[in-house]
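Enquirer: The structure that follows is given in the form of structure tokens.
The values are calculated or read from the model by the stated rules, or taken from the named source; none is laboratory data. Because the structure is a prediction, the values reported are computed rather than measured. Every residue, glycine as well, gets a Cβ built from its backbone with ideal geometry; the counts of neighbours run over all protein chains shown.
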Amino acid sequence: MNNIFMLVIIWAMLGLLIGTLALAARLTPVSLAKYGWLWLILLGLGAALLGGGLGFWLFGPECATPMAIWVAVLAVCAFWLATARNTKTTSVD
């Protein structure tokens, strides 16, 4: 039980790190304006916890941490792509 708790702590730290790195790379969507930085960090955290839990459940503890990293990175990038596509403006002649 102690090992699972340590894995959850590691996944949470990795999720916060991924969210912070996405924030440093300026992947904050303009549409979220004031609290976009908070949503991006929380998205990284939640996706890492979800990915780690799914990895632990599906593949065992050996694959849980890499899956947590990949799910968090994919979630942050997919969120950025979805919001970047919706905020593009088109000019009308």
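Enquirer: Any idea which of (1) modelled with pLDDT under 85; (2) in a helix (DSSP H, G or I); (3) surrounded by fewer than 12 Cβ atoms within 10 Å (Cβ to Cβ) is the one residue 58 doesn't satisfy?
Expert: Every condition holds for residue 58 apart from (1).
Enquirer: I've got another one for you. Against the condition in contact with a Leu (Cβ under 9 Å, 6 or more places away or on another chain) and either in a helix (DSSP H, G or I) or at pLDDT below 95 (or both), how does residue 78 come out, does it pass?
Expert: Working: in contact with a Leu (Cβ under 9 Å, 6 or more places away or on another chain): no; either in a helix (DSSP H, G or I) or at pLDDT below 95 (or both): yes.
Criteria not met by residue 78.
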